[in-house]
Amino acid sequence: MSTAQHLAVIDLLRSREFPAEHGRSECGSEGPGYHIAELLTSDTFWEDDGSRRDTVEEQYEAERDGLTVLLGDRWGPPQRFSLASLFERTMDAALGAVDEDEAEEIPEPWAQLSSSVPDLHLWHVDSRWIALGVAQWDKELPFQLLAVVTEIDPP
């Protein structure tokens, strides 16, 4: 997919209504209050010694950074939003490290993103959040360049 196609997908998701139920779309996943587009997906790294993985990670970060420049021309510089502490809070609740009464419910799409995306480039435009991030669920699994459109504030 080209940069122009990435921008077209982001614009489409910005104009699209949010679904009532969680599910898949032609672009990725979606649910009440959010859309997540999988703009690019790499191959897996099962047979890799680590060198190809590092190169692909750099390429995906460069793709994200290139889109960030173009979106920054529209909406100004993004916020850099780390999801590390959000991931910790999600894991504490999942593993029972906090009492059920004190467990924080992390809303989607933020809980899903925190488990695979270390940080986001984030804008708030027309009462919606637009984010770009590079996801990887595990070192052998593919990288994904994600675009997120949500009306749900970051926790």
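The values are calculated or read from the model by the stated rules, or taken from the named source; none is laboratory data. Since the structure is predicted, the reported quantities are computational estimates derived from the model, not experimental observations. Cβ sites come from the backbone with ideal geometry, for glycine too, and all protein chains shown count toward neighbours. Keep in mind that these areas ignore ligands, DNA and RNA; they rest on the heavy atoms of the full protein, side chains included. Shrake-Rupley method; radii C 1.70, N 1.55, O 1.52, S 1.80 Å.
Of all residues in segment 63-72, none satisfies being within 15 Å of the chain's Cα centre (by Cα) and assigned to a loop (DSSP other than H, G, I, E, B).
Looking for whichever is polar (S, T, N, Q) and over 23 Å from P142 (Cα atoms) here; the options are S25, S15, S51, S42. Which one fits?
Values: S25 fails: over 23 Å from P142 (Cα atoms); S51 fails: over 23 Å from P142 (Cα atoms); S42 fails: over 23 Å from P142 (Cα atoms).
Step by step, each of S25, S15, S51, S42 is checked, and only S15 is polar (S, T, N, Q) and over 23 Å from P142 (Cα atoms).
Contact map, segment 103-115: residues that are modelled with pLDDT of 80 or more and among the polar types (S, T, N, Q) paired with residues that are part of a loop (DSSP other than H, G, I, E, B) and open to solvent by 50 Å² or more (accessible area, probe 1.4 Å), Cβ distance under 6 Å, separation 6+ or inter-chain. No pairs are found. Does L12 meet the test of being outside any strand (DSSP E or B) and open to solvent by less than 50 Å² (accessible area, probe 1.4 Å)? No, not satisfied. Since A20 meets every condition but one in (1) over 16 Å from the mean Cα position of the chain (by Cα); (2) open to solvent by 70 Å² or more (accessible area, probe 1.4 Å); (3) in contact (Cβ under 8 Å) with a residue 24 or more places away in the chain, which condition does it not meet? Unmet condition: (3).
Of everything in segment 109-140 that is open to solvent by less than 60 Å² (accessible area, probe 1.4 Å) and assigned to a loop (DSSP other than H, G, I, E, B), the residue that is nearest to E88 (Cα to Cα) is S115.
Within segment 36-50, the set of residues being open to solvent by 70 Å² or more (accessible area, probe 1.4 Å) and more than 21 Å from V149 (Cα to Cα) comprises D43, W46, E47, D49. The set of residues in segment 116-145 that are within 15 Å of R74 (Cα to Cα) and either touching a residue at least 60 places away in the same chain (Cβ under 8 Å) or among the aliphatic types (A, V, I, L, M) (or both) comprises L122, V125, D126, R128, I130, A131, L132.
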